Each structure stands twice: as C-alpha cells, then as structure tokens.
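A short worksheet on the structure shown next.
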Amino acid sequence: MTVVMNHAVFIFEFKTTTGNKDKDKAIKQIKEKNYAEKCKGLNLPIYLIGLILTRQRGMLVFLNGKKTVS
C-alpha cells in the first residue's frame, strides 16, 4: 500500500508469520519489487514500512522502517 502526502511518501508492506523468523521479509519485498521507483519523480522523502503480523490473531509482532533517498 502506498500513501502519498504533501510532505512524504509512505510505502507499507504487510506480511504474516508464525514465529520470530522472517522479520525483514516485508522490507525485503518492497526493495526487491522496487515499489519506490514509481514515486521517485515526486521529489519527496520515501519511507518504507514493513509490518509483520501473527497468522492466527493478526497482532503486530514486528515493525521495521527505512527512509530512502527520493
């Protein structure tokens, strides 16, 4: 999911897990699939935000963020 605001762009990726493994898989997917590329022409800061949720209850277990150069 991509949210474009006046001051920044936020790219979110949601993943599920059954344990503590794969805590970086959401950010990895954003980078591997190059989701930020379509927003680079906006000349705004771009934030990549990965959220890992439990598979059974959908509770947030890990949040990872990274600012990229626009």
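The values are calculated or read from the model by the stated rules, or taken from the named source; none is laboratory data. Keep in mind the model is a prediction, meaning the values are calculated, not measured. Reconstructed Cβ throughout: ideal geometry from the backbone, glycine too, with neighbour counts over all protein chains shown. Surface accessibility is based on the protein's heavy atoms, side chains included, excluding ligands, DNA and RNA. Shrake-Rupley method; radii C 1.70, N 1.55, O 1.52, S 1.80 Å.
A few remarks follow.
- When residues of the stretch 4-43 are limited to those that are exposed (fewer than 12 other Cβ atoms within 10 Å of the Cβ) and charged (D, E, K, R), the one farthest from the chain's Cα centre (by Cα): 21
- Single residue of 46, 27 found to be of a type in the set (Val, Ile, Thr) and more than 15 Å from residue 5 (Cα to Cα): 27
- Only one entry in 1, 59 is open to solvent by 40 Å² or more (accessible area, probe 1.4 Å), of a type in the set (A, V, I, L, M) and modelled with pLDDT of 85 or more, namely 1.
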